[in-house]
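K.L.:
A single structure is presented below for examination.
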Amino acid sequence: MYGVPVHRVGDVVYRTEIAGGDVMDRDHHCCTKNPPALISSSGYGHVEEIGGLKAYVSGSLDSKLRILLISDFFGYEAPNLRKLADKVAAAGYYVVVPDFFHGDPFTPSEDVLVWLQSHGTDKGAVEAKQVIKALKYKGISAVGAAGMCWGGKIVGELAKSDDLKAILMMHPSRVTIEDIKEIKVPISILGVLLD
């Protein structure tokens, strides 16, 4: 079943339960083999606090269209993520990329399962609701969200209410069929075989 990664050796299936009852194996993420160089000064936007979190922000505050962009486990300083935020902003959106890891993104030298114990998507979803609330000030109601990998799970959780207008999941991690069935807003899923 999609969303429950397993490692098979012969007839034996290795699965590991992590925070929130999710299941993951240690070698699941190909992206750990080629991590981005994190550069806090990359991008055209700036960093400010939104909803209680540091966030990379790009686009005009005058835009009535807001996008919450949620990173994979490498965090909000990844240059390609910021380039994506800048491109979306250039199309007329106000884009916010929060630091859900509070300065502690995953590094390949860490055990992913240990790291995920203190960086669960459940906590990220709670914090994301505060960011959405901050984005909706002054009568703005058109907020969408996009999430990659770790962030894909969070946007799925957020879409179980009507706080968002639409979501995009990009190679979402740990999303189950049950999660998809509970989503209440339009959704697009961009999946990949390998990162």
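K.L.:
Among the numbered criteria (1) within 13 Å of I70 (Cβ to Cβ); (2) modelled with pLDDT of 95 or more, which single criterion is violated by I183?
P.N.:
Condition (1) is where I183 drops out.
K.L.:
With the condition kept exactly as written, say whether any residue in the range 63-72 is surrounded by fewer than 19 Cβ atoms within 10 Å (Cβ to Cβ), over 16 Å from C149 (Cα atoms) and not polar (S, T, N, Q).
P.N.:
yes
K.L.:
Here's something else I'd like to know. Determine if the range 10-23 includes at least one residue that is surrounded by fewer than 18 Cβ atoms within 10 Å (Cβ to Cβ), modelled with pLDDT of 90 or more and not hydrophobic (A, V, I, L, M, F, W, C).
P.N.:
no
K.L.:
Here's something else I'd like to know. Going through the range 79-104 one residue at a time, which ones are crowded, with 23+ Cβ neighbours inside 10 Å and over 27 Å from G139 (Cβ atoms)?
P.N.:
Residues satisfying the conditions are L81, R82.
K.L.:
Among the residues of the range 49-58, which ones are touching a Lys or Arg at 6+ places or on another chain (Cβ under 9 Å) and over 16 Å from K133 (Cβ atoms)?
P.N.:
Let us first name the residues in the range 49-58 that are touching a Lys or Arg at 6+ places or on another chain (Cβ under 9 Å), namely 51, 56, 58.
The answer is Y56, S58.
K.L.:
Name the pairs: first residue in the range 173-190 and in contact (Cβ under 8 Å) with a residue 40 or more places away in the chain, second residue charged (D, E, K, R) and open to solvent by 50 Å² or more (accessible area, probe 1.4 Å), Cβ to Cβ under 8 Å, at least 6 apart or on different chains?
P.N.:
As it stands, the answer is D179/E157, since those pairs meet every condition given.
K.L.:
While we're on this one: Search the range 105-131 for residues being open to solvent by 60 Å² or more (accessible area, probe 1.4 Å) and among the aliphatic types (A, V, I, L, M), and hand back the single one that is nearest to K165 (Cα to Cα).
P.N.:
Restricting to residues being open to solvent by 60 Å² or more (accessible area, probe 1.4 Å) and among the aliphatic types (A, V, I, L, M), the top hit is V126.
The values are calculated or read from the model by the stated rules, or taken from the named source; none is laboratory data. Computed from a predicted structure; not experimentally measured. Using ideal geometry, Cβ is built from the backbone for each residue, glycine included, and neighbour counts are taken over all protein chains shown. Note: accessible area is taken over every heavy atom of the protein model, side chains too, but ligands, DNA and RNA are not part of it. Shrake-Rupley method; radii C 1.70, N 1.55, O 1.52, S 1.80 Å.
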